[in-house]
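Trainee: After the structure tokens below, expect a handful of questions from me.
The values are calculated or read from the model by the stated rules, or taken from the named source; none is laboratory data. Everything numeric here is computed off the predicted structure, so don't read it as measured data. Methodologically, a virtual Cβ is constructed for each residue, glycine included, from the backbone with ideal geometry; neighbour enumeration extends over all protein chains shown. These area figures cover heavy atoms from the full protein model, side chains too; ligands, DNA and RNA do not enter into them. Shrake-Rupley method; radii C 1.70, N 1.55, O 1.52, S 1.80 Å.
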Amino acid sequence: MTVIPFTKDFLWGGSTSAYQVEGAAGGGGKGESIWDRFCRKPGTIKDGTNGDVTCNFYQMFRDDISLMKTLNLNAFRFSISWSRILPSGKGKVNQDGIDFYKKMTDRLLSQGIKPVATLYHWDMPQAVEDKGGWRNRDTAFRFSEYTAMVSGLLGERVNMYITLNEPGMFSTLGYILGVHAPGIKDPACFMEMSHTINLAHGHAVSAIRSEASHAAVGLAFQAPPIYPATDTEKDQEAARITDCFINRWWVEPVLLGRYPSELLATIAPLIETDEKDMTVISQPIDFVGLNIYTRLFARHDTSVPKFQAAIDPHYRVKGSRYTENGWEVYPEVMCESILRFKNQWKNPVIYITENGCALNDINKDGEINDSLRIDFYKAYLDNLKQSMHQGAPVKGFFARSLLDGFEWEEGYQKRFGLIHVDFKTLKRTLKYSAIWFKEMIESGGQAR
Ligand code: IFM
């Protein structure tokens, strides 16, 4: 019989982010964020919606925390909205904003649920973007000021912080491809922008160390394995090079203190890598968060300047199942990604900060039988266990998402939640997967 490796202090959580679930977009003194602005541009969001109301977690958090308790969760990952704390990106704190996070985290603690706070989950104040956003080095310092303020004010309530969520994703989607806020298509900015983002992480770590020294600090990556679309040498090279800029470019400065030399050789004139910056960026962190969904396939592509390589978003593996947003169900990615961190990137303590799938959930008279989601979690958790059997120090697992919510450019069409939300009435209903998840936790990770 396989020994179950989950200890009593293993974190079983649900994961969300501010713009996706809070709502109250203009309430409580919140300033405009880049997502508030982006959603208003015609054609940006597939169903023409926005996060103005979404789940209204801002007002319904007490009920939602009761549901977390029902599900046996001992942790909750949320993000703090920078523009709720500093409506114009700097200056005096918005008291209503910080009070909301104080009340919410107090409630979590009273229910024995550990608050895990992400400081940047993609909703930058528009005022900071107006000054250049991540393309302006100064933003790294604005971000660390905000971090110092929040971690100081929340004090003992929060003892686990994630600086940035998926830096490689929000930068590429928002500033290179323009499909996320702020909707910019400027490939030339990639290197300097990414350096500013890494610097923001580093300075935020220092800020938390000085304002909330009790707290553990890490950041969350989505670092999907990248396979060649065919076994030709050119596609293999394409997989290697896309892995460099999607994964290694982000992970290695933080964990190894350097950018991958293969890419630097191609783009060196574009970036100055200051020794002092690297010391800040690569200072020790306490854990790495991994957001794990699927793998990707790359092809040689002559239309891409310099790199001649790209991810093929239409690649389909014969016989594989795909989720509603077109991601391959590939549970092995869980073990594979975790072991890559163990073997190549200094074996950090790992929390799975996101894992889950978008499905076409059908609400039939208040019953949501999402058995495919249960199968998904079983298979991914089996792989998680395998990685732990091989010695990976995994300390927690957060289902994404706790609630159905606003799924960025997809609007409300892609449901990821354990808890169904009716976006007309805001009624919450536990899906079958939520009940399964509760029982799985109850049995220490054993439920089949
Ligand atoms: O919902 C997002 C989340 O905000 C960031 N990681 C990927 C998820 C699924 O797309």
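Trainee: Can you give me the solvent accessible area of residue 371 with a 1.4 Å probe, rounded to the nearest 10 Å²?
Mentor: 60
Trainee: Would you mind checking which residues have amide H under 5 Å from residue 114's amide H? H placed 1.01 Å from N; only 5 or more apart, or other chain.
Mentor: Amide H neighbours of residue 114: 75, 76.
Trainee: Can you work out D for region 123-243 in µm² s⁻¹ from Stokes-Einstein, where Rh is the Kirkwood radius over C-alpha pairs, the temperature is 10 °C and the viscosity is 1.306 mPa s?
Mentor: 100
Trainee: Charges only on Cβ, +1 for Lys and Arg, -1 for Asp and Glu: so what's the dipole of region 209-256 about the Cα centre, in debye to the nearest 20?
Mentor: With only Lys, Arg, Asp and Glu charged at Cβ, the dipole is about 220 debye.
Trainee: Work out the FRET efficiency for residue 413 and residue 322 from their Cβ-Cβ distance, taking R0 = 22 Å, and round it to the nearest 0.05. Don't jump to the answer; show the numbers that get you there.
Mentor: Working: r = 15 Å, r/R0 = 0.69.
Between residue 413 and residue 322 the formula returns 0.90.
Trainee: Moving on to the next point. With +1 assigned to the C-beta of every Lys and Arg and -1 to the C-beta of every Asp and Glu, and no other charges, what is the dipole magnitude of region 41-134 about the Cα centre in debye, to the nearest 20?
Mentor: Dipole of region 41-134, to the nearest 20 debye: 260 debye.
Trainee: So, one more: Express the relative contact order of region 130-268 as a whole percentage, based on alpha carbon pairs under 8 Å and six or more residues apart in sequence.
Mentor: 26
Trainee: Rounded to the nearest 5, what % of DSSP beta bridges with both residues in the chain are antiparallel?
Mentor: Antiparallel: roughly 25 percent of the beta bridges in the chain.
Trainee: Quick one: what Rg and Dmax do you get for region 1-137 from the alpha carbons, in Å?
Mentor: 17.0, 59
Trainee: Does region 238-395 classify as rounded, prolate or oblate by the C-alpha gyration tensor (a ≥ b ≥ c root eigenvalues; a/c under 1.5 gives rounded; else a/b over b/c gives prolate, otherwise oblate)?
Mentor: oblate
Trainee: Taking the Cα centre of the chain as the origin and placing charges on Cβ (Lys, Arg +1; Asp, Glu -1), which of 377, 228, 182 is farthest toward the positive end of the dipole?
Mentor: Among 377, 228, 182, the one farthest towards the positive end of the dipole of the chain is 377.
Trainee: What's the magnitude of the charge dipole for region 279-416 around its Cα centre, counting Lys and Arg as +1 and Asp and Glu as -1 at the beta-carbon? Answer in Debye, nearest 20.
Mentor: Charge dipole of region 279-416: 600 debye, to the nearest 20.
Trainee: Could you sort 41, 414, 318 by accessible area so the largest value comes first, with the probe set to 1.4 Å?
Mentor: I get 318, 41, 414, largest accessible area first.
Trainee: Given Cα pairs under 8 Å that are at least 6 residues apart, what percent is the relative contact order of the chain?
Mentor: 17
Trainee: Express the relative contact order of region 174-227 as a whole percentage, based on alpha carbon pairs under 8 Å and six or more residues apart in sequence.
Mentor: Taking the mean separation of contacting Cα pairs over the length of region 174-227, I get 18 percent.
Trainee: Check cross-link reach from residue 30 to the lysines: straight Cα distance under 18 Å, and skip same-chain residues fewer than eight apart.
Mentor: Reachable lysines: 90, 92, 102, 103.
Trainee: Between residue 424 and residue 332, what length comes free when the chain is fully extended (0.36 nm per residue of separation minus the Cα-Cα distance, one decimal in nm)?
Mentor: Details: separation 92, 0.36 × 92 = 33.12 nm, distance 3.73 nm.
Length gained, residue 424 through residue 332: 29.4 nm.
Trainee: Share of region 6-142's accessible area from carbon and sulfur, percent, 1.4 Å? Walk me through the numbers on the way to the answer.
Mentor: Values: 2450 of 4970 Å².
About 49 percent, which is the carbon plus sulfur part of the accessible surface.
Trainee: Then there is this: In terms of solvent-accessible area of protein heavy atoms at a 1.4 angstrom probe, what is the ranking of 156, 336, highest value first?
Mentor: These residues rank, largest area first, as 156, 336.
Trainee: Please list, in chain and number order, the residues 5+ apart from residue 392 or on another chain whose amide H is under 5 Å from its amide H, with Hs placed from the backbone.
Mentor: The answer is none.
Trainee: Over region 315-448, what percent of the accessible surface lies on carbon and sulfur atoms, probe 1.4 Å?
Mentor: Answer for region 315-448 is 46 percent, counting heavy atoms of protein chains only.
Trainee: Output wanted: per-residue J couplings in Hz (rounded whole) for region 424-438, from phi through Karplus 6.51 cos²θ - 1.76 cosθ + 1.60, θ = phi - 60°, x for Gly and Pro.
Mentor: Going residue by residue, I get 8, 9, 6, 5, 9, 9, 6, 7, 4, 5, 5, 5, 4, 4, 4 Hz, with x marking Gly and Pro.
Trainee: Taking a threshold of 26 Å on the Cα-Cα distance, which of the pairs 342/378; 114/431; 385/438; 131/424; 364/424; 306/342 fall above it?
Mentor: Listed pairs above 26 Å: 131/424; 306/342.
Trainee: Give the long-range amide H neighbours of residue 352: residues separated by 5 or more places, or on another chain, with amide H under 5 Å away, using H modelled in the peptide plane at 1.01 Å from N.
Mentor: Residues meeting the criterion, in which the H sits 1.01 Å from N, are 290, 395, 396, 397, 398.
Trainee: Which whole-number value in Å² is the accessible area per residue of region 319-435, probe 1.4 Å?
Mentor: The answer is 39 Å² per residue.
Trainee: How large is Rg/Rh for the chain, to two decimals, with Cα atoms and a Kirkwood Rh?
Mentor: Numbers: Rg = 20.7 Å, Rh = 22.1 Å.
In the chain, Rg relative to Rh is 0.94.
Trainee: Using the Karplus curve 6.51 cos²θ - 1.76 cosθ + 1.60 with θ = phi - 60°, what ³J(HN,Hα) values do you get for each residue of region 400-411, in whole Hz, with x for Gly and Pro?
Mentor: For region 400-411, the Karplus-derived couplings read 10, 10, 5, 10, 4, x, 7, 9, 6, 5, 7, x Hz, x marking Gly and Pro.
Trainee: While we're on this one: Please turn the phi angles of region 367-376 into ³J(HN,Hα) values with the Karplus equation 6.51 cos²θ - 1.76 cosθ + 1.60 (θ = phi - 60°), one per residue in order, whole Hz, x for glycine and proline.
Mentor: 10, 10, 8, 9, 5, 5, 5, 4, 4, 4
Trainee: So for each of 6-13, 362-369 I average, over its residues, the number of other beta carbons within 10 Å; can you give me the resulting order with the highest mean first?
Mentor: The densest-packed peptide leads the list: 6-13, 362-369.
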